[in-house]
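Peer 1: First the structure, which I've put down as structure tokens, then a few questions once you've had a look.
Every read-out reported here was derived from the displayed coordinates using simple, explicitly stated rules and does not represent laboratory data. Just so you know, these numbers come straight off a predicted model, no measurement behind them. Methodologically, a virtual Cβ is constructed for each residue, glycine included, from the backbone with ideal geometry; neighbour enumeration extends over all protein chains shown.
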Amino acid sequence: MLAPILLFILTVKACIHSPAHTVTTSSSTPPKCNNNTIPLSTREHWIHKSNTLSLNNHPCPFAPFGTAIVNHTTSNPHGDLICTGSNQNSLTGNPTLHGEIAAINNCSSIFLSPRYNMTPAESLAAFQHLSIYTNAESCPMCAAAVRWAGFREYVYGVSIEELIGFGWGQLDIGSEEVIFSGVGMRGRDPEVVLGGVGRGESGRLFGWQFRKRECPGGCERREGGCRPVGRT
Ligand SMILES: [Zn+2]
């Protein structure tokens with residue numbers, strides 16, 4: 001049986017020969033990256049996964065920011081889930097634990113654990129073979145972390161502009177501006193950047209907190225917000 005670490009050195013299938021990247025913010029427009037061979041349905045699956053991470057048996061949590069880190073370089077055409085993270089601010093009191101940071105921390109932990117048994121250097125290198133899916137565009141802090149990690153692909157759901165439109169406080173700097181501003185950094189820029197993937201589903205999770213918009217499925221408007229149907 002192959003050791004798990006070997007899974008990271010198998011052939012990369014998508015966008016390896018070009019630095020081209022594509023951002024689309026319309027759910028009706030499929031990703032157009034010429035080197036992106038992964039179907040939109042697969043991308044949407046992982047964004048859906050990121051949507052479920054913060055739910056924890058609650059259909060309408062206040063801060064449903066979630067991230068899934070996936071290996072698309074194995075023989076599994078769907079990709080292998082490596083680790084996940086969700087916003088941990090209110091649980092830990094740590095303001096830096098956005099979904100992306102939490103997921104990167106979780107990946108680093110399991111890479112050094114007996115499961116993968118990587119050295120720190122191998123752990124750092126592993127991120128360059130992985131794809132990060134986050135249900136909302138990364139803030140400048142997380143976008144910087146995405147680039148410092150050197151992810152091969154970066155895929156997100158709703159945009160920062162959409163979050164601002166929903167009423168969320170945001171640092172109004174696009175993630176691409178941060179990610180592609182690196183000079184002399186380790187690793188390469190992402191080979192694929194896709195935005196707006198699964199944004200309809202993600203938008204329902206993020207749209208109700210500050211505006212009287214439709215509640216996510218399984219919730220109803222009550223007591224000034226969206227509450228689970230049938231629960232007190
Ligand atoms: Zn963030």
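Peer 1: Starting from the Cα of Ile173, step 7 Å along the direction of its Cβ; do the same at Leu91; then give the gap between the two resulting points in nm.
Peer 2: Result for the modelled spin labels: 2.8 nm.
Peer 1: Next question. Which residues' amide hydrogens lie under 5 Å from the amide hydrogen of Tyr156, considering only partners 5 or more residues apart or on another chain, with H built in the peptide plane?
Peer 2: Thr134, Leu194, Gly195, Gly196, Val197
Peer 1: At q = 0.19, 0.23 Å⁻¹, what log₁₀ I(q)/I(0) does segment 56-144 have when each alpha carbon counts as one equal point scatterer in the Debye sum?
Peer 2: After summing over all Cα pairs, the log10 values are -0.93, -1.20.
Peer 1: From the phi angles alone, apply the Karplus equation (6.51, -1.76, 1.60; θ = phi - 60°) to segment 109-123 and give each ³J(HN,Hα) in whole Hz, x where the residue is Gly or Pro.
Peer 2: Per-residue couplings from phi come out as 5, 6, 5, 8, 7, x, 4, 10, 6, 7, 7, x, 5, 5, 5 Hz.
Peer 1: Same structure, new question: Can you pull the three principal axis extents for the Cα set of segment 22-228, in Å, largest first?
Peer 2: Extents along the principal axes, in whole Å: 50, 37, 33.
Peer 1: Rank these for me by crowding, Ser109, Ser50, going from fewest to most other beta carbons within 10 Å.
Peer 2: Least crowded to most crowded, the residues run Ser109, Ser50.
Peer 1: Pull out the extension gain between Glu161 and Thr37, defined as 0.36 nm times the separation in residues minus the alpha carbon to alpha carbon distance; nm, one decimal.
Peer 2: Residue separation times 0.36 nm, minus the Cα-Cα distance, leaves 41.9 nm.
Peer 1: Could you give me the ³J(HN,Hα) list for segment 193-201, computed from phi with Karplus coefficients 6.51, -1.76, 1.60 and θ = phi - 60°, whole Hz, x at Gly and Pro?
Peer 2: Result, ordered by residue: 10, 10, x, x, 7, x, 5, x, 5 Hz.
Peer 1: Right, next: Which is farthest toward the positive dipole end of segment 22-228 among Met141, Gly196, Ser50, measuring Cα position about the Cα centre, with Cβ charges +1 (Lys, Arg) and -1 (Asp, Glu)?
Peer 2: Looking along the dipole axis, the top candidate is Ser50.
Peer 1: Which order do Asp189, Asp80, Asp172 fall in if you start with the one that has the fewest other Cβ atoms within 10 Å?
Peer 2: Asp172, Asp80, Asp189
Peer 1: If you put +1 on each Lys and Arg Cβ and -1 on each Asp and Glu Cβ, how big is the dipole of segment 22-228 around its Cα centre, in Debye rounded to 20? Could the numbers behind the result be given before it?
Peer 2: Working: 16 positive and 17 negative charges, 73 e Å.
The dipole of segment 22-228 has a size of about 340 debye.
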